[in-house]
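Peer 1: Handing you this structure, nothing more for now.
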Amino acid sequence: MNRYKSLEVPFDSLSVISGTTSIQTALTAFPERNGNVTISQAIDAYMACYQGKDESRAQRMVWWQVKLGGLTLNEVDEDHIFFAIEELSNKHARYYAGKDADGKSIFKSKNKPYAPATINRYSAAIGALFTWCIKKRITPKRWEHPCKAIERMPENNEVTRYLSNDERIALLASCRESKWPKLYLLVLLGITTGARKGELKRLRWSDIDLERAEAYAGVTKNGDRKTLPLLPVIVEEMMKFERSTNQHIFASTRIPSQPYNHEDMWRQALKKAKVKDFRFHDLRHSCASYLAQNNATLLEIADVLGHRNMAMTKRYAHLATKHKSDLVNRIMGDFR
């Protein structure tokens, strides 16, 4: 499935390219390497061939297509990229809020600017496009990459927000009382499995083995297969719902083929539980933090979260002090 085509956005360039079009076919739509290909055309071809796991790549490419789509490869330079990023960094972040009566996507403002990490992903997306154009010989020879001199924004990835015991109890109680009956299950899965929101929202009943108490999250963001252990309380909660094999567990009530948009219910639950400055992704941090505080090793935490790079897991090292202390005492405790 081509994720780009799943967006309900009209494109007036290279409309002949479909999700099943081969790279070779897509590239034949371009003339010789004269630099007259527009950014919009390049984006269409790139996304028609895109096989990556980043589901937000399409959304970001739509933004770049609106901003720079009319420019050709000969015209675009680092100033265009720089000022576009500057403009984005001064805007309020938005979130997907479902579809209106006509089926069009609705986006609402979060009343706060985009995070540095998000800005960097927009830069990475357009940078990946230009790199792809170079590799596929779409750009003129000796063409200079416009993102070459664009600096990444510093990200504060060391700060980890996780639920205290009181916050966890209050939040889960609030979720149980939600108008959406599956919010408690979704949040409990986030806390106990450490899975990403997208992984949980994509789960179908066919991915669940209640006898083995396991969920199969398919291919993760890192491209790995992932199995989620299900606690007895989760199995018990799942048994309460009608289970249609091919349907999403958290299916939309209006459009069953799509996941439910839980954002409003989630914010209401946070407000009722008086939990502040907390994102859904922080449930993942909470899972890792609870494991670290209960003597799990960093390697074990990395395995649960699906981290390939241990550098990502080291942010929880300060919480795993008992394991470190036990190790040092076991090896060197009798030194004199």
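No value in this document is a laboratory result; all are computed from the given coordinates. What you see is a predicted model; the values in this text were computed from it and never measured. Cβ: placed from backbone, ideal geometry, glycine included. Neighbour counts: every protein chain shown.
Peer 1: Counting only residues 5 or more places away or on other chains, whose amide H sits under 5 Å from the amide H of Lys226 once H atoms are built in the peptide plane?
Peer 2: Long-range HN contacts for Lys226: Ala217, Gly218, Thr220.
Peer 1: Using a simple spin-label model with points 7 Å from Cα along the Cα→Cβ vector, what separation in nm is obtained for Val66 and Arg33?
Peer 2: My value for the distance between the label points is 3.4 nm.
Peer 1: Here's something else I'd like to know. Taking 35 Å as R0, compute the FRET efficiency from the Cβ-Cβ separation of Asn165 and Arg330 and round it to 0.05. Provide the component values of the computation, followed by the final result.
Peer 2: Values: r = 29 Å, r/R0 = 0.83.
So the FRET efficiency works out to roughly 0.75.
Peer 1: Something else: Which whole-Hz couplings ³J(HN,Hα) result when phi for each residue of region 273-286 is put into the Karplus expression 6.51 cos²θ - 1.76 cosθ + 1.60, θ = phi - 60°, listed in order with x for Gly and Pro?
Peer 2: Once rounded to whole Hz, the list reads 7, 6, 9, 10, 6, 9, 9, 4, 4, 5, 5, 5, 5, 4.
Peer 1: Given the options His281, Leu228, Ala296, identify the residue whose Cα lies farthest towards the positive end of the charge dipole of region 165-330 (+1 on Cβ of Lys, Arg; -1 on Cβ of Asp, Glu).
Peer 2: Projecting each Cα onto the dipole axis, the largest value belongs to His281.
Peer 1: Go through region 168-178 residue by residue and turn each phi into a ³J(HN,Hα) via Karplus (6.51, -1.76, 1.60, θ = phi - 60°); whole Hz please, and just put x for glycine and proline.
Peer 2: 4, 4, 5, 5, 5, 5, 5, 5, 4, 8, 5
Peer 1: Separate question: List residues of region 124-150, by number, whose backbone nitrogen lies under 17 Å from a label position 7 Å along Cα→C-beta of Glu86.
Peer 2: 147-150
Peer 1: Another question, if that's okay. Pairs Lys67/Lys148; Lys67/Lys141; Lys67/Lys136; Lys148/Lys201; Lys179/Lys201: which exceed 30 Å Cα-Cα?
Peer 2: On the way: Lys67/Lys148 19 Å; Lys67/Lys141 25 Å; Lys67/Lys136 23 Å; Lys148/Lys201 36 Å; Lys179/Lys201 18 Å.
Lys148/Lys201, as the Cα separations exceed 30 Å there.
Peer 1: Describe numerically, in nm with one decimal, the distance between label points set 7 Å from Cα along Cα→Cβ at Lys276 and at Arg254.
Peer 2: Distance between the two pseudo-spin positions: 3.3 nm.
Peer 1: Can you put His281, His80 in order of Cβ neighbours within 10 angstrom, beginning with the fewest?
Peer 2: Details: His281 12, His80 16.
By the 10 Å Cβ count, ascending, the order reads His281, His80.
Peer 1: Oh, and also: Under 14 Å between alpha carbons, and skipping anything fewer than 8 positions from Lys276 in its own chain: which aspartates and glutamates qualify?
Peer 2: The reachable aspartates and glutamates, counting only those whose Cα sits under 14 Å from Lys276, are Asp166, Glu167.
Peer 1: Under 5 Å between amide hydrogens, which residues at least 5 positions from Glu214 or on another chain qualify, with H placed 1.01 Å from N in the peptide plane?
Peer 2: Correct list: Asp209, Leu230.
Peer 1: I would also like to ask the following. Applying 1/(1 + (r/R0)^6) with R0 = 30 Å to the Cβ-Cβ distance of Thr131 and Ser206, what FRET efficiency is obtained, to the nearest 0.05? All intermediate terms of the calculation are to be shown ahead of the outcome.
Peer 2: Values: r = 37 Å, r/R0 = 1.23.
According to the calculation, E is roughly 0.20.
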